[in-house]
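The values are calculated or read from the model by the stated rules, or taken from the named source; none is laboratory data. Bear in mind the structure is a predicted one, so any value in this text is a computation, not a measurement. FYI the Cβ positions are ideal-geometry reconstructions off the backbone, even for glycines, and counts take in every protein chain you see. Side chains are part of the model used for accessible areas, which takes the heavy atoms of the whole protein and leaves out ligands, DNA and RNA. Shrake-Rupley method; radii C 1.70, N 1.55, O 1.52, S 1.80 Å.
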Number of protein chains: 2
Amino acid sequence: MKQSQLLAVTLRESPGDAEAASHRLLLRAGYIRQLAAGIYTYLPLGRIVLRKLEQMIREEMDRSGAQEVLLPAIQPAELWQESGRYEMYGRELIRLQDRHKRDFVLGPTHEEVITDLVRSEIGSYRQLPVILYQIQTKFRDERRPRSGLLRGREFLMKDAYSFAIDEATMQQSYKIMYDAYHHIFERCGLDFRAVEADAGSIGGQGNTHEFMVMTDAGEDTIAVCSYCGYAANLEKAESAASSFIPVSIRNEADEKVLSAEAAAFPTMMDIPATDSATGVIGITEETDSTDHVQPEKVHTPGLRTIAQLTEALSITPDRIIKTVIFLVDSQPIAVLIRGDEEINEIKVRNYLQVDELVMADADTVQRVTGAPVGFAGPYALASTELVCLADYSILALKDAIAGGNEEDYHYLHVNVQRDLVLRHIGDFRNVRAGDSCPRCQDGHIHFQRGIEVGHVFQLGDKYSAAMNATYTDSSGQDQPIQMGCYGIGVSRLVAAIVEQHHDEQGICWPASIAPYQVHLIPVSVRDEQQMSTALELYKKLTDAHCEVLLDDRNERAGVKFKDSDLIGIPIRLVIGKGAAAGEVEYVERSTGIRELLTTEQAIRCILTAAIIE
Amino acid sequence: MKQSQLLAVTLRESPGDAEAASHRLLLRAGYIRQLAAGIYTYLPLGRIVLRKLEQMIREEMDRSGAQEVLLPAIQPAELWQESGRYEMYGRELIRLQDRHKRDFVLGPTHEEVITDLVRSEIGSYRQLPVILYQIQTKFRDERRPRSGLLRGREFLMKDAYSFAIDEATMQQSYKIMYDAYHHIFERCGLDFRAVEADAGSIGGQGNTHEFMVMTDAGEDTIAVCSYCGYAANLEKAESAASSFIPVSIRNEADEKVLSAEAAAFPTMMDIPATDSATGVIGITEETDSTDHVQPEKVHTPGLRTIAQLTEALSITPDRIIKTVIFLVDSQPIAVLIRGDEEINEIKVRNYLQVDELVMADADTVQRVTGAPVGFAGPYALASTELVCLADYSILALKDAIAGGNEEDYHYLHVNVQRDLVLRHIGDFRNVRAGDSCPRCQDGHIHFQRGIEVGHVFQLGDKYSAAMNATYTDSSGQDQPIQMGCYGIGVSRLVAAIVEQHHDEQGICWPASIAPYQVHLIPVSVRDEQQMSTALELYKKLTDAHCEVLLDDRNERAGVKFKDSDLIGIPIRLVIGKGAAAGEVEYVERSTGIRELLTTEQAIRCILTAAIIE
């Protein structure tokens, strides 16, 4: 391709709101342009990169035995009502009506459509297992689209769905996809890792892993144990619960406590007033003989925050029981956690098996606690009908401070085991750097940042049961199909690669997805010798199926080099004054290594390099 | 691919509403499934065919020098308001709002988005010409989606746009695309022709051609001259006007009359009360001495239709002046045409340069003509302010019957030249089979049916002027960019190919886009000799990069052959009892030719055939 004909306008400046390096560089180097918030056009260079990625993903999917399909973007609302996600998906789901006022959605994902397809196409166990995939534009009306291709409202996705007769076969498909994902991200030249993750609104009770590209620009926090290799999204990362549980109750209640996290708690209506179901421990029955000081209600005027309390009372925040009121489907619930910890709302949501959790408004707090915001406490609450979740972190507290449920009052000397009846105990906190590893107990957690580029889920029968997708087994019985689903954000992957492959001057593409392999730059297009050498190289290389961009623009050398750095083609051949002597400069974009070579050497060097496939 | 693993369920019956052969066969053979009206899923076989077509189109586009981009499906409404098409496009345009209540549309086409892109990326004449294309899903809320992939609401399209400094360069780009389209449709193995067409709502005053796949199943009618090769969509096909114009006025008024068709008539407001502008002929000034009978108003109770009149008065319909009242932006207009002719509404719209034309309701007819529907006539009308368009076909009438503009009355003995003042004369009729060719005058028109699979337009500055897309010329002046646009309905093309390549038993794919080249069918998978021969052939052929489908299903031979006929792979190798003797049956799907070959011969035959690319 001759650059004078290529629509690839480079920009000296990037828009002020482009913070992520990938966003900035893809704009400046002429790969993408914004049409509206989170909606981008791919210019020719961007289209080539996207297409190479698509092709690589397609190859790996085909190699794994998955079959490509193409599902519609416009989906009947009925299917989403059937699966129960029509309301639940919220405002990210773009809804529309056709001219006959029939309701449709623009597909943000395709579980419903593919389950609908499979329930009519698959009848017998002999047709299973099967894995179907597509590479297709998806639509999600993100509340805050940002960072260019990293979080868009219209984006390219590879989504795959597996169908199997039972859990074991589902797990085999899961493994096949998991491995294929490793191959794909390796071919992209990425430093990545698969981390345990939360299934989110897509659901399913089985395993789920996110594939994270490690970079400080990532918006996900990953908790990693440097000792055993445990890695999980912060949303999901488990606390080493046992380290919080007092020895006094550990032996007896250990298993119960640990299993509380996975307690079945399908709806708010199921709460028993008093019982001894899984996850409910009557801690009041345990008393600690070392502590006889009774709770005392004290006047704490204006002390509403942890910071105010710690300062006024000269205590550390780990002596405070923080009580936070949330709303679940407009019903209030309380979460108790130690003052120095953060609530992990996803853990709360998963425990309650609900999809939405919002902070309660001031009126609700007043109504529920009898006090304005800042004075909620567990002491009176725990005996009411209000669902109250206690994080492991408070279990060991014996001389704690807690809200008084009365304006300007707190309790001192709260002994959790002695004073509180806790029905729902579990892991509701964000792990912190330095925590013990929940797996090996030997290592400690540290944090890394990452970009989620892939996600694999074991869905089980979540969709097949709701939508009645069954097969007939060998004995003639109907059984729900066991599903998995597997996504790669293709356009996001472009950005993630740039995040890991760039420098101050521009992009440094891995050869596997670079738009061109060689950038030929005659220093002066008015120099006949240089241009004839350049054209000869161009012909020889393109004849050998090498992808070459020839900068034949009548621009200053400095402009050309700056553009070349921005665009990021792996190898640059500079044809300057040495052309008369048959010499060109060979430059490796990622390392900056330069060498003077004869044109023959340069050609040999390029054509024998592993980058030409 | 082993067929036992392929998700390709064939159907013995097709849905009752599937009339077109392509619709029926693509469903039955397991290529597509309907999700909603006009919205289809591509199953694995369908996806392969679609992908092969995409790839072929991409190759030809790239070869022509066009550059691939990818534009968003979601487009800001503002751009459509800027071009003036937001309202005009009507209910086919799918509108939606994002969570911030901002208006968007789902792209049915991309003139606005690409013009917006180019006006910001292109500044100088040095950047031109450029041709950009994309292969992308389009959305049109068709009033009556039908015939499977032939007219869908969500469909795959290749759209290209050219940008040039002037009309001559625009025409060069047009020619390049026109030629590329020929190559594409030739590679698809199609019998097609490029026909002159109407630009429709996409607009532009220049040339436009439709690429029509000739088949009786087509919904377009094409007028063809068998003598000179003239071919045009019925919507556009010109009348050989001069054959209708009386000799008495031809010499003097010929040029004026013929140019009337292209008369500028931008708005209804421009009508001069009396003048001699182009296209306005004061026919009253001509008198014919042979005819002295004056018009006579006669009682014609209940004779409202041409059929009733001809029967009651014992005349042929070519003696009647039909007067039809339409509404344009709620203003009435009248069109006069001979009773045996049909009005071509597109010609009327183009003459008036308006986008919508609807039949007037009964109230309007009563108000405008003073009579109920069935009695409208030109006699009194022509002297009013009402715009009245006269088709060439009435010009020669001398003893005609016309409505009386009074209930139950008609005029007899109307002499058009003597009695009517016609300000707007033109070609407003559908051509008819047997008409003289408007080009060569020697040949005659006949009709063929076709499917429009491609359309090329010279847009000129229609969008660039409206959206201020300019470039700076070599003298520093801003000039509007001259545009062209070029579409191929990729998914429709799949169906069009099937329409031309099928028989009673199923599809007969041309090798260039067949999902597989060879269908290997062991008659009995339980016969070890047959299976080992089949697997050996499978290995040898796939190793040689031949695309092979192996029917390893444990089904009766009859079922397999029926499915194979349906699916339509070009070559079938049947491995039956002859396998023991090293023989297989080689069957060509399209011709039915069968031959017994040794396995070596079969392999050689397949690998040396032109079909393996």
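Couple of notes before you dig in:
- Per-q log10 I(q)/I(0), chain A, q = 0.06, 0.11, 0.12 Å⁻¹ (Debye; single scatterer per alpha-carbon; no solvent): -0.43, -1.10, -1.21
- Toward the positive end of the charge dipole of the protein assembly as shown, with +1 on the Cβ of Lys and Arg and -1 on the Cβ of Asp and Glu, the farthest Cα among A:GLY443, B:ALA602, B:PHE185 is that of B:ALA602.
- Axis-proximal residue of chain A for the rotation onto chain B, reported as residue and distance in whole Å: A:LEU96, 2, based on Cβ position.
- Annotation: the antiparallel percentage among DSSP beta bridges lying fully within chain A is about 80.
- 0 to 90° range, to nearest 10: angle between helix B:167-187 axis and chain B longest Cα axis: 40
- Protein accessible area in the stretch A:538-613, 1.4 Å probe - carbon and sulfur %: 52
- Copies compared at A:THR316 - label distances in nm, ascending, label defined 7 Å from Cα in the Cβ direction: 11.0
- Taking the square roots of 5 times each eigenvalue of the Cα gyration tensor of the stretch A:329-419, largest first, gives ellipsoid semi-axes of 21, 17, 11 Å.
- Interface burial in the stretch A:26-49 reaches 50 Å² or more for A:LEU35, A:THR41, A:ARG47, comparing the full protein assembly with the chain by itself; accessible area from heavy atoms with a 1.4 Å probe.
- Span from the the stretch B:481-552 Cα centroid across to the the stretch A:74-129 one, whole angstrom: 30
- Buried accessible area, chains A and B (both chains, 1.4 Å probe, Å² to nearest 100): 4700
- Qualifying lysines (Cα of each under 22 Å from Cα of B:LYS52; at least 8 residues distant if same chain): A:LYS52, A:LYS158, B:LYS2, B:LYS138, B:LYS158
- Taking a sphere under 10 Å around the Cβ of B:ARG432 and counting the other residues whose Cβ falls inside, with K and R at +1 and D and E at -1, yields a net charge of -3.
- Label points for B:GLY592 are taken 7 Å from Cα along Cα→Cβ. From this copy to the others they lie 7.4 nm apart, shortest first.
- Aspartates and glutamates with Cα under 12 Å of A:LYS236, excluding same-chain neighbours fewer than 8 positions away: A:GLU196, A:ASP198, A:GLU210, A:ASP220, A:GLU261, A:GLU345, A:ASP427
- Using the Cβ-Cβ distance between A:GLU19 and B:GLU92 with R0 set to 56 Å, the FRET efficiency from 1/(1 + (r/R0)^6) comes to roughly 0.90.
- Normalised by the number of residues in the stretch A:516-608, the average gap of Cα pairs under 8 Å and 6 or more apart makes the relative contact order 31 percent.
- Per-residue [θ]222 nm for chain A (sum of -39500 (n - 2.57) over DSSP H runs n ≥ 4, rounded to 500): -8000 deg cm²/dmol
- Once the Cα atoms are used to define both axes, helix B:557-567 deviates from the longest principal axis of chain B by about 40 degrees.
- Copy-to-copy label distances for A:HIS299, where each label lies 7 Å from Cα along Cα-to-Cβ, are 11.1 nm in order of increasing length.
- Three-way shape call for the stretch B:516-608 based on the alpha-carbon gyration tensor, with the a/c threshold at 1.5: rounded
- Excluding ligands, DNA and RNA, the accessible surface per residue across the protein assembly as shown is 40 Å² with a 1.4 Å probe.
- Set of the stretch A:170-199 residues, backbone N closer than 20 Å to the point 7 Å along the Cα-Cβ line of A:ASP503: A:189-191
- Candidates A:LEU53, A:ALA77, B:LEU149 compared by Cα position along the dipole of the protein assembly as shown: farthest toward the positive end lies A:LEU53, with charges placed on Cβ.
- Net charge over other residues, Cβ less than 12 angstrom from the Cβ of B:LYS577 (K, R count +1; D, E count -1): -3
- As a fraction of the 1.4 Å probe accessible area of the stretch A:348-447, surface on carbon and sulfur atoms comes out at 47 percent.
- Under 20 Å from A:LYS562, Cα to Cα: aspartates and glutamates that are on another chain or at least 8 residues apart: A:GLU13, A:GLU499, A:ASP503, A:GLU504, A:ASP551, A:ASP552, A:GLU585, A:GLU588, A:GLU595, B:GLU121
- Unpaired Cys in chain B, meaning no second Cys C-beta under 4.7 Å: B:CYS188, B:CYS388, B:CYS485, B:CYS508, B:CYS546, B:CYS605.
- Placing +1 on the Cβ of every Lys and Arg and -1 on the Cβ of every Asp and Glu, with no other charges, gives the protein assembly as shown a dipole of roughly 1480 debye about its Cα centre.
- Dimensions (Å) - the stretch B:348-491, Cα atoms, principal axes, largest first: 66, 38, 35
- Within the stretch B:10-165: Cβ-based charge dipole about Cα centre, in debye rounded to nearest 20 (Lys, Arg +1; Asp, Glu -1): 640
- Angle between chain A longest axis and helix A:490-500 axis [Cα atoms, degrees, rounded to 10]: 80
- Paired Rg and Dmax values of the protein assembly as shown, which use every Cα atom, in angstrom: 37.4, 132
- The stretch A:516-608 - share of DSSP beta bridges that are antiparallel (%, nearest 5): 55
- Spatial separation of Cα centroids for the stretch B:569-594 and the stretch B:393-446, in angstrom: 63
- The residues neighbouring B:ASP103, those whose beta-carbon lies less than 11 Å from its own, together hold a net charge of +1 under the Lys/Arg +1, Asp/Glu -1 convention.
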